[in-house]
Amino acid sequence: RILAPERTMMFRVVYMSDGGEPCVHTGYRIEFNSALGPYKGGLRFHPSVNLGVLKFLGFEQIFKNSLTGLNIGGAKGGANFDPKGKSDGEIMRFCQAFMLELHRLISSNTDVPAGDIGVGGREIGYMYGAYKKLTRRFDGALTGKGLSWGGSLARTEATGYGSVYFANEMLATRVDSLHGKICTISGAGNVAIYTAEKLYQMQAKPVTVSDSTGFIYDAEGIDVALLKDIKEVRRARIKEYAAKRPGAEYHEGCAGVWTVKCDIALPCATQNELSLESAKTLVKNGVKAVGEGANMPSTLDAIEYLQKNGVLFAPAKAANAGGVSVSALEMSQNSERLAWTFEEVDQRLKRIMDNIYAQSKEAAEKYGAKGNLLAGANMAGFVRVAQAMHAQGWV
Ligand code: NDP
């Protein structure tokens, strides 16, 4: 019953390009499981989006959301639309066209989408504006909103910050910490940027970022302000970083990021980006821990190799649950029409991440897989959902 989505929706999305051409895309929303609460999960806009990709992401979301301990079910959605190179006007018209269909499916108590790859604050803004116009409701049916219209402080930072909190908890079991560690990060989007920012706060040094064409190696440590300016303000390619930062190197090919020697590797770009070959290189170079910021970035054989070789492994559904956790805190704030301070949200995020770590570790021990956080996270997530489904009958 858990394996079959409760509902799968596909719809046509047509918008007009700047040149006046009609552009046709496919939109999706998979409402996978509502045993624990309203469907919750991001929207991805990327040319690779199809039903298979969204089904694996939606399935991951069920146990991830369960691990947060909050009342949220699992879902995922998006469209095979490529925002890269599009004008603001085209992005706005696409988001409005997407919401023409999606608004029928969502509301604050049924299904509450958020962002994911290709969907950040700008896209959520355009979609929320269209949702309000179509439904006449201001009810927090999307999370990741702007701060003056219902967003939560620390939502932008939450996934990256949360994955770093998780990595530090994991290292503590070996009486170690992030202090002084050299870290490699892949990706240069939301998760990568705030992972780098939090690493500095924990006295670690991130030395790489990447995008789908290449990676940056900056031995002095990634300049987060410059990275934000390139990616968040100017929406440019990561190659520009090397042109602006003396000493930084740009290399073609994103997989090369795992050849850089590091203590901790943090894949924060996309699925299947860390292969067995990359895992072997990381182990040869002495990696101590791998923490997944992206969703399922490591292939199965890579995970097995890392675990067999004594590398601490933080699985995505536990390590990157900070984003959806703060999305759920945004829903709470929307319900009470109040806004909490940054510190309050960040403290709650830290508590949730510590608790996810403890649950995953304990479940692994209880069910005979001591030390395997991947198995532990799956089992702890599963138990809560399965118990709720049993209690609610065969529906
Ligand atoms: P963004 O769109 O902000 O950034 C994505 C980054 O990954 C970009 O640097 C992009 O490079 C790179 N990337 C995307 N596709 C590929 C690819 N096929 N090969 C190599 N690099 C690629 O997305 P997010 O940072 O929000 O998301 C990153 C990952 O984290 C995803 O797996 C997402 O599902 C996961 N995640 C995100 C959460 C969030 O709160 N945002 C929450 C939990 C998980 P390029 O510009 O070249 O495409």
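The values are calculated or read from the model by the stated rules, or taken from the named source; none is laboratory data. Predicted model only: the values in this text are computed from it and were never measured. Cβ: placed from backbone, ideal geometry, glycine included. Neighbour counts: every protein chain shown. Calculation scope for accessible area: heavy atoms of the full protein, side chains included, ligands and nucleic acids excluded. Shrake-Rupley method; radii C 1.70, N 1.55, O 1.52, S 1.80 Å.
Quick notes on this structure:
- Span-rule helices in the chain, defined as complete DSSP H runs reaching 18 Å or more along the axis (Cα) with Kyte mean at least -1.0: 51-67, 88-102, 121-135, 155-172, 322-336, 373-391
- Residue ranges 122-129, 388-395 sort as 122-129, 388-395 when ordered by packing (mean number of other C-beta atoms within 10 Å per residue, highest first).
- The overall shape of the stretch 94-166, judged from the alpha-carbon gyration tensor, is prolate: a/c is not under 1.5, and a/b is greater than b/c.
- In the context of the full set of protein chains, the stretch 1-128 has a per residue accessible area of 37 Å² (1.4 Å probe).
- The order of the peptides 106-113, 16-23 by mean Cβ neighbours within 10 Å, most packed first, is 106-113, 16-23.
- 3J(HN,Hα) along the stretch 30-47, derived from phi through the Karplus expression 6.51 cos²θ - 1.76 cosθ + 1.60 where θ = phi - 60°, amounts to 10, 8, 7, 7, 10, 4, 9, x, x, 4, 8, x, x, 10, 10, 10, 7, x Hz, with x in place of Gly and Pro.
- Percentage of interatomic Cα-Cα distances in the stretch 272-323 larger than 11 Å: 64
- Cα shape, the stretch 69-208, gyration tensor, a/c 1.5 rule: prolate
- Under 16 Å from the Cα of LYS261 - aspartates and glutamates, other chains or at least 8 residues apart: ASP218, GLU220, GLU249, GLU277
- Shape of the chain, Cα gyration tensor, a/c cut at 1.5: oblate
- When the P(r) is computed for the stretch 1-89, the part past 17 Å accounts for 51% of the Cα-Cα pairs.
- For the chain, built as a Gaussian network whose Cα springs stay under 10 Å, the top-fluctuating residue of PHE313, PHE56, PHE215: PHE56
- The stretch 321-395, relative contact order in percent, only Cα pairs under 8 angstrom and at least six apart counted: 20
- Accessible area of the chain belonging to carbon and sulfur atoms, whole % at 1.4 Å probe: 54
- For LYS350, the aspartates and glutamates whose Cα comes closer than 20 Å to its Cα, not counting residues fewer than 8 places off in the same chain, are GLU157, GLU169, ASP176, GLU197, GLU292, GLU330, GLU362.
- Accessible area in square angstrom per residue, the stretch 155-311, 1.4 angstrom probe: 40
- DSSP-defined antiparallel bridges as percent of all bridges, the stretch 163-308, nearest 5: 45
- Cα-Cα over 27 Å, subset of LYS181/LYS361; LYS205/LYS317; LYS76/LYS370; LYS86/LYS181; LYS145/LYS244; LYS181/LYS239: LYS76/LYS370; LYS86/LYS181; LYS145/LYS244
- Here the Gaussian network model covers the chain, with springs between Cα atoms less than 10 Å apart; of GLU292, GLU31, GLU252, GLU252 fluctuates the most.
- Highest-fluctuation residue, SER335, SER360, SER163 considered, GNM on the chain with Cα pairs under 10 Å: SER335
- Cα convex hull of the stretch 37-124, projected area averaged across orientations, nm²: 5.6
- Volume of the Cα convex hull of the stretch 175-233, divided per residue and given in Å³: 79
- Relative contact order of the stretch 246-395, defined on C-alpha pairs under 8 angstrom at six or more residues apart (%): 16
- Largest to smallest principal axis extent of the C-alpha atoms in the stretch 265-385, angstrom: 51, 32, 21
- Estimated 222 nm signal from helices in the chain, with DSSP H stretches of n ≥ 4 weighted -39500 (n - 2.57), rounded to 500: -13500 deg cm²/dmol
- Computed packing ranks the peptides 302-308, 379-385, 281-287 as 379-385, 302-308, 281-287, most packed first, by mean other Cβ atoms within 10 Å.
- Furthest towards positive pole of dipole, LEU282, GLY74, TYR305, structure part the chain, Cβ charges: GLY74
- DSSP-defined antiparallel bridges as percent of all bridges, the chain, nearest 5: 55
- Between the stretch 337-395 and the stretch 1-56, the alpha-carbon center distance in angstrom: 26
- With a 1.4 Å probe rolled over the protein heavy atoms of all chains, the accessible area of THR135, THR156 falls in the order THR156, THR135, largest first.
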